[in-house]
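Student: Got a structure here, written out as structure tokens. Questions coming.
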Amino acid sequence: MQESATSLALTLISTADPDLLEIIGLSLRVSLSAVGLSLCAGLVLGATLAIARFPGRQAVNILVNASMSMPPVVVGLLVYLALSRSGPLGWLGLLYTPSAMIIAQTLLITPLIAALSRQVIEDLYLEYADQFTSLQLTTVEKIKALLWDARYSLSTVALAGLGRALSEVGAVIIVGGNIEHLTRVMTTAIALETSKGNLALALALGAILLTLALLINALLSSINVSAKRYAYA
Amino acid sequence: MHKSPDSNIVNLNATETNNGKRRPTPASNKNEKAPANQFDLVELGCTISGKVILQNINISLKPHGISAIMGFNGAGKSMLLKLIHGIATPTNGHVRWNQQVPTREHRLNQAMVFQKPVLLRRSVKANIDFVIKQRKHRDPLNRNALLAMVGLVDKATQAARLLSGGEQQRLALARALACKPSVLFLDEATASLDSASAAIIEDIVERESRAGTKIIMVTHDAAQAARLSDEVIFMHGGTVVEHSNSQSFFTTPSSAPAKAYLEGRLYNPNR
Amino acid sequence: MKQQPITYTLLKRCCIIFIIAFFLANHAAANSDAILVQSTTSTANSGLYKYLLPKFEIETGIKVNVVAVGTGQAIQNAKNCDADVLLVHAKQAEDAFVARGFGVERFDLMYNDFVIVGPKSNPANIESNDTVHLALQRISATTSLFASRGDSSGTHKKELSLWQSVMPDKIISDQSWYRSTGSGMGATINTAIGLGAYTLTDRATWISFNNKQDYVIAVEGDSVLFNQYGLIMVNPEKCPSVNVQHAQVFIDWLLSEDTQQTISEFTVNEQQLFYPNAK
């Protein structure tokens, strides 16, 4: 019989298996970078959509909301076609690199961050709008103030983005190629071990990924809780 | 053709009606040398999704002192205040400030305190600093001086939204004053406060007025309006039905709704 | 003691740090010395590359990155110039690849064979000395479930050609007992085991597969089950990005007598997986 997944997971962790540490490191590097880039773009887009009033705004909102459910495989395919040597950005030589994975995940998560942050900021702006207009804030000043004041809600948005990035396999396996020691991350390793019939190992990796997500969430919320109580009435 | 701003003024009894007994108000020592802030409202109206909120408003406010806007609930007071301040846009007519179309530059000289204080989710001092930073090239007031004025120095580092209602409103007032406004709008700023907090705010408002700041306030508190204001704009059904000097308004209101209001009963035109 | 500027600068700094991190990640990955191999999955999943490549890297200092996908996708990726070397197992498709100018030249590298695996209960009553032809006939006659890769991989192409000879006048994918998974070899075996279906797999994947449960080889040893692996350098005339020098070193190394001997010594569970046959 196969070793149980739990004991395998514990063995992998306790022996600090170098291959495991490598793919955990890459998973974190890729997903955190993607979340970081997505936050830069998504928060600005979300905040702009929340406060700007222009014709077709509702249509853009629907589009952004809908693209939250963009299948990772499709994003991966689009990025593959763009970064392939025969594609328009092939000269960059980015395909099958962590950068390609970061690009794919950034594209995947940005709509999520934009849509969720728009909702959060729109709710906050309902309260602030008159005061901000009274203070004659410029749009940029409004966006900055809203982003800062919504920071705790937005940290949950960032976590949602990180969750999607860390758990996503369809996009990174296409643009990363699941190359050992180069682009293999937790999820592609799980897919690979499943296809090799190493179900216990796949489950063990899954458990480690879940624990990792749990730790990140616990860390952030422990930082947040006290500060949040302080800022919100 | 463009109407002269005061061609259609409702019952404006100017300074010559100061014949009643003077109340112990600061009206007598208004700083008449302060820069004038003359607001002319011309054919002002506002319709929101088919519903008429305001219509046919043609008044000129006194360029100095305290103007109180009064009226029953739903009379359109707050909307009028927003139109004058320029944070809402009229669907009819226009507002002129010193005979000019108000620009952003003019409005940077105005500030408003809302009935429910809108405080940023930050510390007390950060709420003030926010405005100070925004107006840094306009030489804003010193934060600590402002906090001292509203008695919040020892709460400077606390979360603004954890203050009591009275403290929050004082902070909102301090923040409004940080940008040294020449016009201060108050929308029922003391309505939800206990009398002690309301008194602190009234004191500051009076002091500001004496220092030359034009005050335009919406209030439900007739006694407060009588204490503070130089003129009263009484609204009913989305328009101004009476605009008069405070003394004459409170002694001899000319319109039926104003009489009913001051007597503390609902106005029923069919009775 | 202003708080605002600090917070905004922080936000800005965060953005800048992330962008720098992004380019660092990018920089670390840009290793121009490495060559990229588009490969079939069986060679990767069985552990052959893990066994061979470190030896190659020590000998030559050249890093080899392997993307393991189905043969069909590997060929397509190579056509898009996203490879230096192609290592797959579908001779016809490989010849076409070279004939159309995408590849320089095709070399036989090694072979093994396909096997048909199925549940021990043997619902199709396949006998151990059955030919493939007869076994497939039994499967279709008993309408036993059969799981197909359905992904244009080398194995899928082989399987289609086998069915073609068994039932030339029928469309195999229309049969109710024929299940196309559209997945890789391992995933298809997992599915077949879940369904209780027979499936065709290369022996290397089967031997190294770790979730066999009650599955056993039903048919093997028929000469039509021969599985040839080929090696092709992507044509630098079509794809200027090809690292010709290193790719050639890699191909020469694989075809060398020493490496061929090394390949023959690769075993999983004490069974030889690949039989070198470079000429």
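Student: For segment A:184-214 and segment A:20-52, what is the separation of their Cα centres, given in Å?
Tutor: Segment A:184-214 and segment A:20-52 have Cα centres spaced 22 Å from each other.
Student: Which whole-number percentage describes the relative contact order of chain B, with Cα contacts under 8 Å and a sequence gap of 6 or more? It would help to have the intermediate numbers written out before the result.
Tutor: On the way: 511 pairs, mean separation 75.1, N = 271.
In percent, rounded to a whole number, it is 28.
Student: Under 5 Å between amide H atoms, partner at least 5 residues away or on a different chain: which partners does C:ILE35 have, H built in plane at 1.01 Å?
Tutor: Here C:LYS63, C:VAL64, C:ASN65 satisfy the definition.
Student: Something else: Which aspartates and glutamates have a Cα less than 16 Å from the Cα of C:LYS55, not counting those fewer than 8 places away in the same chain?
Tutor: Leaving aside aspartates and glutamates fewer than 8 places away in the same chain, those within reach of C:LYS55 are A:GLU180, C:ASP252, C:GLU257, C:ASP258, C:GLU265.
Student: Quick one: dipole size for the protein assembly as shown, taken about the Cα centre, charges +1 on Lys/Arg Cβ and -1 on Asp/Glu Cβ, in debye to the nearest 20. It would help to have the intermediate numbers written out before the result.
Tutor: Values: 68 positive and 61 negative charges, 873 e Å.
It works out to roughly 4200 debye.
Student: Another question about this same structure. If you place +1 on the Cβ of every Lys and Arg, -1 on the Cβ of every Asp and Glu, and leave all else neutral, what size is the dipole of chain C about its Cα centre, to the nearest 20 Debye?
Tutor: 1240 debye
Student: So what J values fall out for segment A:152-169 if you push phi through Karplus, 6.51 cos²θ - 1.76 cosθ + 1.60 with θ = phi - 60°, rounded to Hz, Gly and Pro as x?
Tutor: 6, 5, 5, 5, 5, 4, 4, 5, 4, x, 5, x, 5, 5, 5, 8, 7, 10
Student: Points 7 angstrom from Cα along the Cβ direction at C:LYS170 and A:SER222: gap in nanometres?
Tutor: 6.4 nm
Student: How long are the three semi-axes of the equivalent ellipsoid of the protein assembly as shown, in whole Å, if each is the root of 5 times an eigenvalue of the C-alpha gyration tensor, listed from largest down? Provide the component values of the computation, followed by the final result.
Tutor: Values: eigenvalues 1263, 134, 106 Å².
After diagonalising the Cα gyration tensor, the semi-axes are 79, 26, 23 Å.
Student: Oh, and also: Can you give the local net charge around C:TYR275? Use residues other than it whose beta-carbon is closer than 15 angstrom to its beta-carbon, Lys and Arg +1, Asp and Glu -1.
Tutor: Result for the neighbourhood of C:TYR275: -4.
Student: In segment C:54-124, which trypsin sites (Lys or Arg not before Pro) are in a loop and have at most 13 other Cβ atoms within 10 Å, using DSSP for the loop call?
Tutor: Filter output for segment C:54-124: C:ARG100, C:LYS120.
Student: With r defined as the distance between the Cβ atoms of C:TYR111 and C:THR143 and R0 fixed at 30 Å, what FRET efficiency is calculated, to the nearest 0.05?
Tutor: Efficiency, rounded to the nearest 0.05: 0.35.
Student: At a threshold of 8 angstrom on Cα-Cα distance, excluding pairs fewer than six apart, so keeping six or more, what relative contact order does segment B:31-137 reach in percent?
Tutor: Details: 121 pairs, mean separation 30.0, N = 107.
Relative CO of segment B:31-137 lands at 28 percent.
Student: Taking the Cα centre of each part, how many Å lie between segment B:112-134 and segment C:217-269?
Tutor: 71 Å
Student: To continue, here is another question. Averaged across the residues of A:90-100, what count of C-beta atoms belonging to other chains lies within 10 Å of each residue's C-beta?
Tutor: Per residue, the number of nearby Cβ atoms from other chains is 5 on average.
Student: Can you sort C:HIS89, B:HIS94 so the residue with the fewest Cβ neighbours within 10 Å comes first?
Tutor: Listing C:HIS89, B:HIS94 from fewest to most nearby Cβ atoms yields B:HIS94, C:HIS89.
Student: If you don't mind, there's one more thing I want to ask. Please compute the modelled spin-label separation between A:ARG53 and C:LYS63, points set 7 Å along Cα→Cβ, answer in nm with one decimal.
Tutor: If labels sit at C:LYS63 and A:ARG53, their model points lie 5.5 nm apart.
Student: So what's the net charge close to C:LYS79: Lys and Arg +1, Asp and Glu -1, counting the other residues with Cβ under 13 Å from its Cβ?
Tutor: Around C:LYS79, the surrounding residues sum to +1.
Student: Still on this structure, please answer the following. Taking amide H positions as placed in the peptide plane 1.01 Å from N, state which residues far from B:LEU163 in sequence (5 or more) or on other chains have amide H under 5 Å from it.
Tutor: Under 5 Å from the amide H of B:LEU163: no residue qualifies.
Student: Which one, A:LEU199, A:LEU137, A:ILE62, is farthest towards the positive end of the dipole of chain A when Lys and Arg carry +1 and Asp and Glu -1 on their Cβ?
Tutor: A:LEU137
Student: Moving on to the next point. Using modelled amide H (1.01 Å from N, peptide plane; none on Pro or chain starts), what sits under 5 Å from the amide H of C:VAL268, excluding residues fewer than 5 places away?
Tutor: C:LEU273
Student: So which chymotrypsin sites (Phe, Trp or Tyr not before Pro) in segment C:103-212 pass both tests, a DSSP loop state and at most 16 other Cβ atoms within 10 Å of the Cβ?
Tutor: In loop regions of segment C:103-212 (DSSP not H, G, I, E or B), the sparsely surrounded chymotrypsin sites (Phe, Trp or Tyr not before Pro) are C:TRP177.
Student: Sticking with this structure for a sec: Do any trypsin sites (Lys or Arg not before Pro) in segment A:25-115 lie in a DSSP loop with no more than 13 other beta carbon atoms within 10 Å, and if so, which? Let's see the in-between values first.
Tutor: Numbers: sites: A:ARG29, A:ARG53, A:ARG57, A:ARG85; in loops: A:ARG53, A:ARG85.
Loop-located and lightly packed - A:ARG53.
Student: From the helices alone, meaning DSSP H stretches of at least four residues, give me the mean residue ellipticity at 222 nm for chain B, per-run term -39500 (n - 2.57), in deg cm²/dmol to the nearest 500.
Tutor: That comes out to -8500 deg cm²/dmol.
Student: A follow-up question, please. Determine the relative contact order of chain A: mean sequence separation of Cα pairs under 8 Å and six or more apart, normalised by residue count, in whole percent. Kindly include the intermediate steps, with their values, before the conclusion.
Tutor: Details: 265 pairs, mean separation 72.0, N = 233.
Computed value for chain A: 31 percent relative contact order.
Student: Quickly work out the B:ALA191-to-C:TYR51 label distance, labels modelled 7 Å from Cα along the C-beta direction, and quote it in nm with one decimal.
Tutor: Modelled inter-label distance: 8.3 nm.
Student: By how many degrees, 0 to 90 and rounded to 10, does the Cα axis of helix A:5-14 deviate from the longest principal axis of chain A?
Tutor: That helix lies at roughly 80 degrees to the long axis.
Student: Looking at the square roots a ≥ b ≥ c of the eigenvalues of the Cα gyration tensor of chain A, which shape do they give, rounded for a/c under 1.5, prolate if a/b is larger than b/c, or oblate?
Tutor: Here chain A falls in the oblate category.
Student: Which value, in debye to the nearest 20, describes the size of the charge dipole of segment B:157-271 about its Cα centre when Lys and Arg Cβ atoms bear +1, Asp and Glu Cβ atoms bear -1, and nothing else is charged?
Tutor: Computed about the Cα centre, the dipole is about 140 debye.
Quick note: the coordinates plus some simple rules give every number you see, no bench work behind them. None of the values given here were measured: they were computed from a predicted structure. Positions of Cβ are generated from backbone atoms using ideal geometry, with glycine treated the same way; all protein chains shown enter the neighbour counts.
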